[in-house]
Amino acid sequence: MENTKKENKELVKRYPFLLPRNVWTDKIPEDYDYSYTLFDEVPDMWRKKFGKQMLEELREILVEGNYLKKYRILQIKEKFATLRIYSGAIPVSISDKYDAWENKYSDLSESTCFFCGADSEDFTSGWILPACKECLAKPYNERKVMSDD
């Protein structure tokens, strides 16, 4: 757990928007101990497949707009088989780049298997969950989530 907290401190230092905050007051919880960040809300396979790249690209956009410390993520989740990131307002000066970034990772998540991380345009699960045919052919408890390697 201490290693996780150390890693999360470094993550939040580079990406301050991953620090959990109350969506109404913008305050950090009093008992926050770095045992988690908002990055933990990204489903595993997407976090492993393109999570760091996604964060770094977002950071570059926010730095360009001088908005890194002001940007707030309200929620991250999978919805309708795509990655959704709900956030506060974005300055007009970077809104086009931000929208392109958001669309890029929504589209990428839609074509990345939820279980094994395989890239495919040929998923058979419809809007419920992006899964490749190989993973869908296996019983649920035998589907393997992509490793960190």
Restricting the range 103-149 to residues that are within 14 Å of P43 (Cβ to Cβ) and among the aliphatic types (A, V, I, L, M), the one modelled with the highest pLDDT turns out to be L108
Heads up, the helices (runs of 4 or more DSSP H) in the range 48-142 (entirely inside) with at least 1 residues that are touching a Gly at 6+ places or on another chain (Cβ under 8 Å) and under 30 Å from I28 (Cβ atoms) are 92-110
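The values are calculated or read from the model by the stated rules, or taken from the named source; none is laboratory data. These figures come from a predicted structure and were not determined experimentally. All Cβ positions, even for glycine, are placed from backbone atoms using ideal geometry, and neighbour counts span all protein chains on display.
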